[in-house]
4 protein chains.
Amino acid sequence: MPPRKAAKNAELREDSIQRLSQAAFQLIVMKGYHATTLQEIAEAVGMTKGAIFFYFTSKERLLLHLLDIAEDHIVNSLAAHLTSAEGTALDKIVAYFHFGSWHGIERPYELLCLIQISIEFRHRSDAIGKRIVAIYNRIYRVLEEIIEAGRMRGELPKDLPTREIASTVVATHDGMMLEYHRREIDGEKLVRVVRTVFLQGLGLKPRPKPIRRAR
Amino acid sequence: MPPRKAAKNAELREDSIQRLSQAAFQLIVMKGYHATTLQEIAEAVGMTKGAIFFYFTSKERLLLHLLDIAEDHIVNSLAAHLTSAEGTALDKIVAYFHFGSWHGIERPYELLCLIQISIEFRHRSDAIGKRIVAIYNRIYRVLEEIIEAGRMRGELPKDLPTREIASTVVATHDGMMLEYHRREIDGEKLVRVVRTVFLQGLGLKPRPKPIRRAR
Amino acid sequence: MPPRKAAKNAELREDSIQRLSQAAFQLIVMKGYHATTLQEIAEAVGMTKGAIFFYFTSKERLLLHLLDIAEDHIVNSLAAHLTSAEGTALDKIVAYFHFGSWHGIERPYELLCLIQISIEFRHRSDAIGKRIVAIYNRIYRVLEEIIEAGRMRGELPKDLPTREIASTVVATHDGMMLEYHRREIDGEKLVRVVRTVFLQGLGLKPRPKPIRRAR
Amino acid sequence: MPPRKAAKNAELREDSIQRLSQAAFQLIVMKGYHATTLQEIAEAVGMTKGAIFFYFTSKERLLLHLLDIAEDHIVNSLAAHLTSAEGTALDKIVAYFHFGSWHGIERPYELLCLIQISIEFRHRSDAIGKRIVAIYNRIYRVLEEIIEAGRMRGELPKDLPTREIASTVVATHDGMMLEYHRREIDGEKLVRVVRTVFLQGLGLKPRPKPIRRAR
DNA sequence: CATGAATGAGAGTTCATTCAT
DNA sequence: AATGAATGAACTCTCATTCAT
C-alpha cells in the first residue's frame with residue numbers, strides 16, 4: 001500500500017511541521033525570536049534540534065514560514081473582512097479591532113508573533129526585515145483604503161490625515177494586543193474601551209463648550 | 001592634590017558611564033537587548049568590551065542601570081506632571097500623550113527602551129523582568145489615580161472600567177511610540193490624531209451646529 | 001518464478017551499486033572524500049541518502065568498495081601489462097605513463113580517486129589508510145621489479161636507487177594526473193612531454209640522430 | 001610603561017598567531033583542511049577554539065592567512081631566485097626542484113599546504129579556490145618565462161610546448177613532494193633522481209661528457 | 001527495495017565574561 | 001582606568017546513521 005504509506009508520511013510531515021510551528025509561535029511570542037533557541041522549540045514538541053533542520057533549513061527559514069502562516073491566516077482574512085462593500089469606515093475600523101482581538105484570543109500567537117517580529121526586526125533589512133515590512137504594508141494599505149473611502153463619504157473628520165489615522169489604528173491595535181499579553185486583563189473589556197474611545201473619544205459628549213485646549 | 005585628582009576621576013567615571021549608557025540606549029532601541037552585543041556598545045563609544053565590565057558587572061546590570069535612568073527621567077517627571085492638582089482627567093491624559101511624545105522626540109531612547117524591554121522581558125521573572133514590571137506598575141498607578149479622580153468628578157464615562165482605561169492609554173501610547181519608530185511618520189501629526197481620537201473619537205458627532213434644522 | 005525474480009533483484013542490486021559507485025567516484029575526485037556527502041551521491045543517482053545504507057553499511061565501506069574496484073581495474077591490469085616478459089624497463093615505464101594516461105582519459109575517476117584518497121588518507125592508520133597504502137605498495141612493487149630487472153640488464157643507470165626511481169615514476173605520474181585535472185591541459189601533449197623527459201631528459205643532447213644516413 | 005606593555009601584547013599576539021598558524025599548517029598537511037578541526041588546532045597550541053576566533057574571524061580566514069604566508073615565503077622567494085639573469089633554463093628548473101625540496105625539508109608545511117589545498121579546492125570557486133589558483137598561476141608564469149627564455153637561447157628542445165613543460169615541472173615537483181611525504185623516503189636521493197631524469201632522461205645515453213653540473 | 005522521518009555527535013561560530021598587565 | 005588576550009558555555013547548523021513503514 002504505497003498510497004497509504006505516502007499519505008501517512010505526508011500526514012506525519014504536516015503534523016510535525018504544524019507542531020514545530022505552533023511551538024515556535026508560542027516561544028517567540030513569549031520570549032522573542034532572538035531569545036528563543038531551536039533547542040527549546042524542539043524540546044517543546046519532543047523532538048531533537050536536528051529534526052528542525054529536516055523541515056526548515058535554518059532558524060531564519062522557520063521564522064519566514066511562521067510569517068507566511070501568519071500572513072495567510074491574519075492579513076488575508078483581514079483583507080477579506082474589511083474590503084467588503086458594506087459598512088462605514090468606522091464600522092470597519094471597529095471590526096478591525098474586533099477581528100484582531102478575536103484572533104488575539106482564539107489564535108493569539110500568530111498575531112502576536114507578527115507584532116513581536118515587527119518590533120524585533122524594525123530596523124533590519126535582511127530577509128525577515130523585508131518580509132515583515134511587506135506584511136505590515138499590506139495592513140496599512142487595507143486600512144488606508146477604508147479610511148479614504150470613508151473620508152469620501154464624509155464619515156471621517158476631514159482634518160485628520162489618512163496615513164496618521166491608519167498608523168493610529170495599527171498602533172492602538174498592536175499596543176492593545178501587547179498590553180493584553182502584558183497584564184492579566186479582561187480582553188473583552190479592553191476591546192470595549194478601545195472601541196468606545198475610537199468611536200466617541202473619552203470626552204463626555206454633549207459637550208458644554210467647544211474647545212477645551214489641552215496643554 | 002589627591003582630592004582634585006579623585007574628583008577628576010569621578011568625573012571621568014561619570015562621563016564614561018554616561019556615554020556607555022547613551023550608546024546602549026540607542027542600540028537597544030534599534031536592535032533590541034538580545035540582539036545588541038557589548039562589543040557594539042563599546043565600539044560606539046570608542047572603548048573595548050572589557051571596559052564595560054569596569055563600570056558594570058554584567059550586561060544585565062548595565063540594562064538595570066538604563067532602567068534606573070529611564071525610570072528616573074521618565075516616570076518620575078511623569079508622575080510630577082500628572083499628579084499636580086490642576087486639570088481634568090482628560091487634560092492629564094492628553095498631557096500624558098504629549099509628555100510621552102515630547103520625550104519620544106527629544107530623548108526618544110529612554111522611553112523607547114522602556115517599551116522595548118517591556119516587550120522583550122514581558123514573560124520573564126528574572127531581575128529585569130521584575131524591574132520592568134515595577135516600572136510599568138508605577139505608570140499604571142499614576143494613570144489609574146487620575147482616572148479614578150476624574151471619574152469622581154464626572155469627567156469620564158462611568159461605564160468604562162478604570163483598569164482597562166489605563167491599559168488603553170498605555171497601550172495606545174506605547175503603540176504610538178513604536179509606530180512612530182516603525183514608519184517614517186510625522187510625529188506631531190500622529191500625536192494630533194491620537195489626541196483627537198481620545199478626546200472625541202473618530203465618529204462625526206452631531207457637532208454643535210448641524211443640529212440646527214433648517215427653517 | 002522466485003529464481004527469476006531473484007536474478008532480477010540481483011541485477012537491480014548490481015546496477016544500483018554500480019551507479020552509486022560511479023557517482024561516488026566522480027564526486028570524490030571533484031571534491032574530495034571528506035567534502036562529499038552521502039546526500040550528494042544519492043541525489044546524483046536519484047536516490048535518497050537512506051538507500052545507500054542498503055548497499056553499503058557506512059560511508060567508509062562505500063569508499064572501501066571504490067578502492068576495491070579501482071584496485072581491480074587499475075592495479076591488476078597494470079600489473080598484467082607490465083609484468084609480461086617483453087620490453088625493456090624503459091619501455092615499461094613509458095607504458096606505465098601511457099597506461100595511466102589512458103585510464104586518466106577514458107576512465108579518469110577510478111585512477112584519480114586512488115590518488116585523491118592516497119593524499120587525503122596519507123597519514124591515517126584506519127581501514128582506509130591501510131587499504132590505500134596496500135594498493136600503492138603493489139604499484140611500487142611492480143615498478144621496482146621492473147626497475148631491478150632493467151638494472152640487471154643494464155638498461156638503467158646504476159647510480160640511481162631503485163626505490164627512488166619508483167617513487168619518481170609514481171610521483172611524476174600522480175602529479176601529472178592531478179595537473180591534468182587542475183589545468184585545462186592537452187593530455188596527449190602532457191604525456192608526450194613527460195615521456196620525452198623521462199627518456200631523454202630536457203637537456204639538448206647531441207642526439208644519436210646520426211641515423212640520418214648520408215647522401 | 002605603556003610602550004612596554006603594548007610591545008609585550010604585540011609580541012604575544014604575533015606569537016599566538018604564529019603558533020596557531022604553525023599548528024594549522026601541520027594539521028592541514030597531515031589530515032587535509034576539511035578533516036582538520038579548529039578544536040585540534042587550538043589544542044595543539046594549548047588554547048581553546050574561541051581563541052582562534054579572536055585572531056581569525058573564521059576557519060576560512062585562517063586558511064587564507066596560511067595561504068598568504070605560504071605565498072609570501074615560497075612563491076616570492078621562488079620568483080626572486082629564478083628570475084635572476086644568470087643561468088640557463090635547465091639550471092633554473094633544477095634550482096626549482098632544489099628550492100622546493102629545500103623548503104620541503106626545512107619548512108615543509110607551507111609548501112605542502114599549498115599543494116594540499118590546490119588539490120582539495122581544485123574545483124571550487126570560493127575565496128579559497130580563487131586564491132590558490134592565483135598562487136599557482138604565479139608559479140606557472142615564472143616557469144613559463146624561464147622556459148620561453150631558454151627556448152629562445154636554444155637551451156630546450158623546440159618540439160615541446162612551453163605550457164606543458166611548465167605543467168610537467170610543477171606536476172613532477174608537487175608529486176615528488178607528496179611522494180616524499182607519503183613514503184619514508186630519502187629526500188636527497190629523490191631529488192637527485194628527479195634532477196637526473198630531468199636533465200638526461202632515464203635512457204642510458206652515450207653520455208657526451210661526464211659532468212654537466214647543475215646548479 | 002527504498003523512502004522519509006528523526007537522531008546525535010560534533011562541527012564552526014558567537015558572545016558575555018575573566019584576568020593579567 | 002582600560003586594554004587585549006583568552007575562556008567556556010551555548011548557539012546554529014551539518015551529516016552519517018538508524019529505523020518504521
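A:Ile135 meets each of the listed conditions (1) surrounded by fewer than 20 Cβ atoms within 10 Å (Cβ to Cβ); (2) within 13 Å of chain B (Cβ to nearest Cβ); (3) within 16 Å of DNA strand F (Cβ to nearest atom); (4) assigned to a helix (DSSP H, G or I) apart from (3). When B:Gln26 is tested against the conditions (1) surrounded by 17 or more Cβ atoms within 10 Å (Cβ to Cβ); (2) in the same structural domain as B:Ser118 (by TED's automatic domain parsing), the lone failure is (2).
For every residue, the table says whether it meets (1) farther than 26 Å from C:Gly129 by Cα; (2) touching a Leu at 6+ places or on another chain (Cβ under 6 Å).
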residue: D:Ile17; (1), (2): yes, no
residue: D:Met30; (1), (2): no, no
residue: D:Lys49; (1), (2): yes, yes
residue: D:Leu62; (1), (2): yes, no
residue: D:Asp68; (1), (2): yes, no
residue: D:Ile74; (1), (2): yes, yes
residue: D:Ser77; (1), (2): yes, no
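Residues in region C:127-152 that are within 14 Å of D:Arg183 (Cα to Cα) and not β-branched (Val, Ile, Thr): C:Gly129, C:Lys130, C:Ala134, C:Tyr136, C:Asn137, C:Arg138, C:Tyr140, C:Arg141. One residue is enough: does region A:62-79 have a residue meeting the conditions within 16 Å of DNA strand F (Cβ to nearest atom) and either within 14 Å of chain B (Cβ to nearest Cβ) or modelled with pLDDT under 95 (or both)? Yes: region A:62-79 contains one or more residues that are within 16 Å of DNA strand F (Cβ to nearest atom) and either within 14 Å of chain B (Cβ to nearest Cβ) or modelled with pLDDT under 95 (or both).
Yes or no: B:Glu155 touching a residue at least 24 places away in the same chain (Cβ under 8 Å), out of contact with any strand residue (DSSP E or B) (no Cβ under 7 Å at 6 or more places or on another chain), in a loop (DSSP other than H, G, I, E, B) and assigned by TED's automatic domain parsing to the domain that holds B:Glu71? So that I can check it myself, show each step before the final result.
Values: touching a residue at least 24 places away in the same chain (Cβ under 8 Å): yes; out of contact with any strand residue (DSSP E or B) (no Cβ under 7 Å at 6 or more places or on another chain): yes; in a loop (DSSP other than H, G, I, E, B): yes; assigned by TED's automatic domain parsing to the domain that holds B:Glu71: yes.
It is true that B:Glu155 is touching a residue at least 24 places away in the same chain (Cβ under 8 Å), out of contact with any strand residue (DSSP E or B) (no Cβ under 7 Å at 6 or more places or on another chain), in a loop (DSSP other than H, G, I, E, B) and assigned by TED's automatic domain parsing to the domain that holds B:Glu71.
Flag set for B:His181, criterion: over 18 Å from B:His81 (Cβ atoms) and crowded, with 19+ Cβ neighbours inside 10 Å. From the list C:Tyr55, C:Tyr96, the lone residue that is out of contact with any strand residue (DSSP E or B) (no Cβ under 9 Å at 6 or more places or on another chain) and within 16 Å of DNA strand F (Cβ to nearest atom) is C:Tyr55.
Given the criterion at the interface with chain D (Cβ under 9 Å from one of its Cβ atoms), more than 18 Å from the chain's Cα centre (by Cα) and of a type in the set (Lys, Arg), identify the matching residue among C:Arg163, C:Arg151, C:Arg122. Break it down into steps so the answer makes sense when it comes.
Details: C:Arg151 fails: at the interface with chain D (Cβ under 9 Å from one of its Cβ atoms); C:Arg122 fails: more than 18 Å from the chain's Cα centre (by Cα).
Criteria check complete, one pass: C:Arg163.
Across region D:184-205, the number of residues qualifying as modelled with pLDDT of 80 or more, part of a loop (DSSP other than H, G, I, E, B) and farther than 21 Å from D:Arg107 by Cβ comes to 0.
The conditions of being assigned to a helix (DSSP H, G or I), more than 9 Å from every other protein chain (Cβ to nearest Cβ) and over 17 Å from D:Thr168 (Cβ atoms) are not met by C:Tyr96.
Of the residues C:Ala23, C:Ala10, only one is small (Gly, Ala, Ser), more than 10 Å from DNA strand F (Cβ to nearest atom) and modelled with pLDDT of 95 or more; which? Give the derivation first.
Numbers: C:Ala10 fails: modelled with pLDDT of 95 or more.
Sole residue among the options that is small (Gly, Ala, Ser), more than 10 Å from DNA strand F (Cβ to nearest atom) and modelled with pLDDT of 95 or more: C:Ala23.
Scoring D:Glu86 on the criteria (1) assigned to a helix (DSSP H, G or I); (2) modelled with pLDDT under 90 leaves a single failure, condition (1). Is it the case that some residue within region B:104-117 is in a helix (DSSP H, G or I), surrounded by 17 or more Cβ atoms within 10 Å (Cβ to Cβ) and in contact with a Lys or Arg (Cβ under 9 Å, 6 or more places away or on another chain)? Yes, region B:104-117 has at least one match. Residues that are within 14 Å of chain D (Cβ to nearest Cβ), on the phi > 0 side of the Ramachandran plot and more than 13 Å from DNA strand E (Cβ to nearest atom) are absent from region C:20-28. All but one of (1) facing chain C (nearest Cβ under 9 Å); (2) outside any helix (DSSP H, G or I) hold for D:Tyr180, so report the exception by its number. Tallying (1) facing chain C (nearest Cβ under 9 Å); (2) outside any helix (DSSP H, G or I), D:Tyr180 fails exactly one: (2).
Per the conditions (1) among the small types (Gly, Ala, Ser); (2) in a loop (DSSP other than H, G, I, E, B); (3) crowded, with 24+ Cβ neighbours inside 10 Å, the sole criterion not satisfied by B:Ser167 is (2). Among the residues of region D:29-68, how many are in a helix (DSSP H, G or I), touching a residue at least 12 places away in the same chain (Cβ under 8 Å), more than 9 Å from DNA strand E (Cβ to nearest atom) and closer than 22 Å to D:Leu12 by Cβ? Residues that pass the stated criteria total 4.
Within region B:173-187, which residues are without any contact (Cβ under 8 Å) to a residue 60 or more places away in the chain and either within 27 Å of A:Arg192 (Cα to Cα) or under 13 Å from the mean Cα position of the chain (by Cα) (or both)? Quick ask: steps written out before the conclusion?
Looking only at region B:173-187, we keep the residues that are without any contact (Cβ under 8 Å) to a residue 60 or more places away in the chain, and these are B:174-175, B:179, B:182-186.
Answer for region B:173-187, where residues must be without any contact (Cβ under 8 Å) to a residue 60 or more places away in the chain and either within 27 Å of A:Arg192 (Cα to Cα) or under 13 Å from the mean Cα position of the chain (by Cα) (or both): B:Asp174, B:Gly175, B:Glu179, B:Arg182.
The values are calculated or read from the model by the stated rules, or taken from the named source; none is laboratory data. Just so you know, these numbers come straight off a predicted model, no measurement behind them. Ideal geometry is used to build each Cβ from the backbone, glycine not excepted, and the neighbour counts take in all protein chains shown.
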